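Encoded as structure tokens, the structure appears first; notes follow it.
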Amino acid sequence: MKHLLQAIRMSLKYRWSLITSIVCSAFVAVLWGANITAVYPFVEVVFQGQTLHDWVAEQMDDVDYKLAAIDPQRPAAEINKSSRAEHPAGNVLKVNARDLPLDDDSLAALSEKDLTKRRKNLVRAKYWIDRFAPADPFRTLLGIVSFLFVGTLIKAAFRIAAQLTVTRVAERTTVDLRNEYFRSLLSDHVTMTRQAGDAAARVGGDVGAIGAAIQTIFGRSVQEPLKMLACLVLAALVNWRLLLFSMLACPLASFLLLALAKSIRTASLRAFDQKCLLMGRMLQTFQGLTVVKAYNMESHERRRFWQHTQRVYDEQMKITWYESLIRSNNELLGIGVICISALAGGYLVLEHKTHLLGIPLAAAPMNFGQIMLFYAFLIGCTDPLRKSGDVYGSVQRGVAAAERIMPFLSANYVPVDKDKARITSAKKPIVFDRVHFAYHKSQPVLRGVSFRIAPNETLAIIGANGCGKSTLINLLLRFHDPRQGRILLGDMDIQDIRRKNLRRRIALVTQKAILFNETVHNNIAYGTRNATREQVIAAAIKAHAHEFIETKLTNGYETYVGDGGNRLSGGQQQRIALARAILRDPDILILDEAASQIDPKSEQLITESLKEFAKGRTTIMITHRMSTLEMADRIVLMDAGRIVDVGTHDVLMARCPMYQSLRQTPLRMTA
């Protein structure tokens with residue numbers, strides 16, 4: 001629950017919407033109880049052919065009679081005189097002990113103080129009734145019906161206002177959570193191998209469940225209990241002793257509710273996990289759709305996807321089962337309370353008693369109108385009680401979702417490194433000093449790597465797959481930090497430099513060009529926000545991309561490239577990625593097999609452009625293409641996370657057997 005409370009604290013920034021919602025919910029609850037209160041005038045007044053004037057006079061005479069029963073020394077003439085003085089002529093009902101028989105228990109339960117207080121309240125009510133109440137039964141009925149209609153109309157307006165404001169809070173908090181989660185995904189503390197399916201499921205399903213729980217907590221979790229509270233308070237005003245007696249079924253129902261809540265939370269966690277796996281399976285299938293179709297694996301993928309959907313279905317059915325049990329538990333609780341009160345209250349009314357099995361349940365014998373009003377209030381509690389079953393299930397799903405989201409946000413929050421240094425240039429020596437690194441402790445990738453790159457030098461790094469070439473690049477960009485050793489830029493450890501400031505001096509082109517479903521212009525200008533159209537075109541010309549952009553793409557630079565650039569060929573994607581790096585005009589240029597998908601004709605042109613572009617900047621290449629290696633001032637040969645040799649092509653060919661072997665078997669040198 002503590003994780004959900006974190007999300008709730010986030011929602012408190014929208015406090016005025018919350019306050020408005022709670023106030024509106026309170027008005028809904030008050031009007032809910034007021035509408036039910038109208039049962040009493042119907043039963044006691046209108047259907048008896050009386051007016052409110054008649055009713056208040058009868059009630060005052062009843063109180064006077066009970067006062068006389070408690071204090072026999074009080075002269076009846078005084079009572080009658082008092083009644084006549086306060087009742088209009090013709091409205092005084094004669095006191096008749098046979099109408100309301102009182103036994104010894106009833107007399108003992110009567111309190112002169114309570115009766116005197118009730119009489120004062122009746123006097124006040126009489127003042128307002130005499131001023132505003134209709135004088136005949138039908139007009140009284142018309143007034144009560146009008147009150148019900150207007151009250152319901154006002155209640156509906158408050159309900160709409162409460163719903164709108166609480167939905168605003170929930171949706172704004174959901175937006176905040178999604179943004180915060182996405183920010184965490186982009187933070188440097190998050191592993192770059194995180195599964196896309198898991199992230200997509202969390203940002204959709206989990207965060208949505210938290211938003212729904214917040215809406216429930218500040219919506220129905222406020223409104224429905226307030227409606228119940230209004231009915232319970234009004235029922236207590238009618239007879240608080242009978243109300244307490246009716247609550248005998250509550251402890252058992254509460255115990256069952258807590259047990260079911262734990263089951264829902266556990267099932268929800270399993271359901272979220274299965275949805276993550278389902279989303280991951282779908283994304284993997286679509287990413288590899290070409291291979292799936294080429295190898296006729298459609299039926300295999302359908303079967304695996306069906307298995308995942310079946311698991312999600314099974315977990316969802318468990319949740320539904322537990323929620324239906326909660327709903328049934330609440331309904332049984334409601335009917336149990338009503339049944340207990342019906343038996344006890346019916347006995348009190350039918351037998352004119354105030355005690356049941358020696359337990360005092362009423363201050364005075366209850367009449368038919370009072371017991372009907374009491375039952376109406378209890379029945380008024382059952383609708384909110386029934387709805388609270390759905391409320392409880394939604395909150396438990398939110399608790400389960402928060403357990404998956406909030407720890408991730410807290411654990412992966414990396415504050416902006418304001419205390420780190422800024423650099424104005426990265427045209428300095430780069431030194432890898434005894435660097436060790438492992439993605440997993442049991443599998444070291446780099447083992448004490450040390451070498452130096454001079455400013456404005458072009459360095460090529462080669463080696464078999466898995467030797468640690470790309471890891472060196474990841475460490476330089478600070479996607480990860482060394483487990484041991486350090487990387488220096490000049491005389492400064494790069495861990496003492498602000499990440500964004502360091503990366504602003506570096507441009508990266510990877511083997512697989514990363515393009516976004518944006519225009520060609522926006523993809524080239526990605527990372528250089530203030531670039532002009534002329535600068536974008538100039539970069540495209542240097543990358544030999546301008547010609548195909550203008551002649552082969554429908555809308556030129558305004559053509560959308562599709563998801564991952566799937567509307568372009570591999571070579572076209574690579575040239576746009578190169579143009580992006582050229583436009584950035586970095587101090588350090590990193591090429592990770594950047595020419596691997598370019599045709600030989602374009603490769604020759606791009607190589608000449610890169611030679612020119614590399615002047616005056618440090619260039620690091622991971623490549624095995626001879627045309628690209630010719631650009632290198634030096635070559636670093638790696639194997640199993642160690643530096644085997646460093647030198648020019650001619651030097652390595654003369655002294656390094658491994659380099660000679662790699663050059664003679666180029667298939668082994670693919671990255």
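Every number here is computed from the coordinates shown, using simple stated rules; none is lab data. Keep in mind that this is a model prediction, so the values were computed, not measured. All Cβ positions, glycine included, derive from the backbone under ideal geometry; neighbour counts span all protein chains shown.
Here r is the Cβ-Cβ distance between Asp130 and Cys250 and R0 is 30 Å; the resulting FRET efficiency, rounded to 0.05, is 0.10.
Residues Trp240, Trp55, ranked from the fewest to the most other C-beta atoms within 10 Å, line up as Trp240, Trp55. In terms of other Cβ atoms within 10 Å, Met228, Met653 run from fewest to most in the order Met653, Met228.
Taking a Cβ cut-off of under 12 Å around Arg580, the surrounding Lys, Arg, Asp and Glu residues balance to a net charge of +1, with basic ones at +1 and acidic ones at -1. Each residue in Val646, Val123, Val166 was given a count of other beta-carbon atoms within 10 angstrom of its own, and listing them fewest first yields Val123, Val646, Val166. In this rough spin-label picture, where each label sits 7 Å from Cα along the Cβ direction, the Arg168-Leu229 distance is 2.3 nm. Taking 25 Å as the limit for the C-alpha separation, the pairs Lys275/Lys318; Lys155/Lys387; Lys13/Lys275; Lys126/Lys353 exceed it in the case of Lys13/Lys275; Lys126/Lys353. Each Lys or Arg adds one and each Asp or Glu takes one away; over the other residues whose Cβ falls under 13 Å from the Cβ of Arg483, this sums to +3.
The Cα-based radius of gyration of the stretch 513-580, divided by its Kirkwood radius, gives an Rg/Rh of 0.90. Annotation for the stretch 318-344 versus the stretch 137-167: alpha-carbon center distance of 28 Å. Pairs Lys420/Lys611; Lys512/Lys552; Lys293/Lys542; Lys441/Lys500: which are spaced more than 31 Å apart, C-alpha to C-alpha? Long pairs (Cα-Cα over 31 Å): Lys420/Lys611; Lys293/Lys542.
Relative to the current alpha-carbon distance between Lys615 and Val651, full extension at 0.36 nm per residue lengthens the span by 10.7 nm.
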